[in-house]
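Visitor: Okay, here's the structure, questions in a sec.
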């Protein structure tokens, strides 16, 4: 498989660096999503943890139920985007390693 020990070390180092790159890329993932009416915008990190919420004037006219629906739409949408981005990074990594 490897002709020399240097080839083996180089291959292992390459994979280690690629794994570090993956970890850095995954740590950098953030996603934003707005409610359908743009009343609430949520930002989450790659783990789905809430980083920021922004409210427009429209929230002052909402019922509690409307506010809840808008909040859930924004936060769930942002988390879905973040998890999709992380999944794409992992898929690309796995395809690269399989080669």
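Here, each number is a calculation from the coordinates, and none is a lab measurement. Worth saying up front: this structure is predicted, and the values here are computed from it rather than measured.
Visitor: Round to the nearest 10 and give me the degree value, 0 to 90, for the angle of helix 5-27's Cα axis relative to the longest principal axis of the chain.
Guide: With both axes taken from Cα atoms, the answer is about 0 degrees.
Visitor: Once you sort the root eigenvalues of the Cα gyration tensor of the chain as a ≥ b ≥ c, which label holds: rounded (a/c under 1.5), prolate (a/b larger than b/c) or oblate (the other case)?
Guide: Because a/c hits 1.5 or more and a/b exceeds b/c, the chain counts as prolate.
Visitor: Give me the three principal axis extents of region 17-74 from the C-alpha atoms, as integers in angstrom, largest value leading.
Guide: 52, 16, 15
Visitor: Let me ask something else about it. Once both axes come from the Cα atoms, what is the angle between helix 64-98 and the longest principal axis of the chain, in degrees from 0 to 90, rounded to 10?
Guide: 10
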